[in-house]
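Here the structure comes first, spelled out in structure tokens, and everything after it is commentary.
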Amino acid sequence: MARKTYTGPVVDVSFDGEVCQHAAECVRGMPTVFDPSARPWIDPTQAGSEGTAQTLREVIGRCPSGALRVVDHPWPARSSRSRSQASASSSTAWHRPNSSDPAS
Ligand code: SF4
């Protein structure tokens, strides 16, 4: 089985079932994210705040086999808002008539 990645709002979790030792550290540590009776059994959306994501990082750090890994997003969730605001303001500027534009 290849390593699979499960996407969350703050961090993603990747898992390799061939490496897992079934020690259940993950299930004991954060049962809202790691639920063997659910499909998929890993749900990083349950760690939707920076605080719960940090707990998730700590629980994954206790995985004895290395089957679990945290995949941090390239930028913090809070900066995605400012990125979209920047995009919205630049798109507003693009639609604004500009009489000083020599091309118009
Ligand atoms: S803590 Fe790691 S080794 Fe243990 S069950 Fe979870 S993934 Fe498998």
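Things to note:
- Among the criteria (1) touching a strand residue (DSSP E or B) at 6+ places or on another chain (Cβ under 8 Å); (2) at pLDDT below 95; (3) of a type in the set (A, V, I, L, M), the one A23 does not fulfil is (1).
- Every condition in (1) within 10 Å of the ligand (Cβ to nearest atom); (2) in a loop (DSSP other than H, G, I, E, B); (3) closer than 20 Å to D72 by Cα holds for V19 except the one numbered (3).
- Some residue of the range 6-19 being modelled with pLDDT under 95 and either loosely packed, with under 10 Cβ neighbours inside 10 Å or not basic (K, R) (or both): no
- Looking only at residues of the range 22-76 that are of a type in the set (S, T, Y) and over 13 Å from the mean Cα position of the chain (by Cα), we find that the one that is nearest to the ligand (Cβ to nearest atom) is S65.
The values are calculated or read from the model by the stated rules, or taken from the named source; none is laboratory data. Small disclaimer: the values here were computed from a predicted structure and weren't measured. Counting neighbours? That spans all protein chains shown, and the Cβs are built from the backbone with ideal geometry, glycine included.
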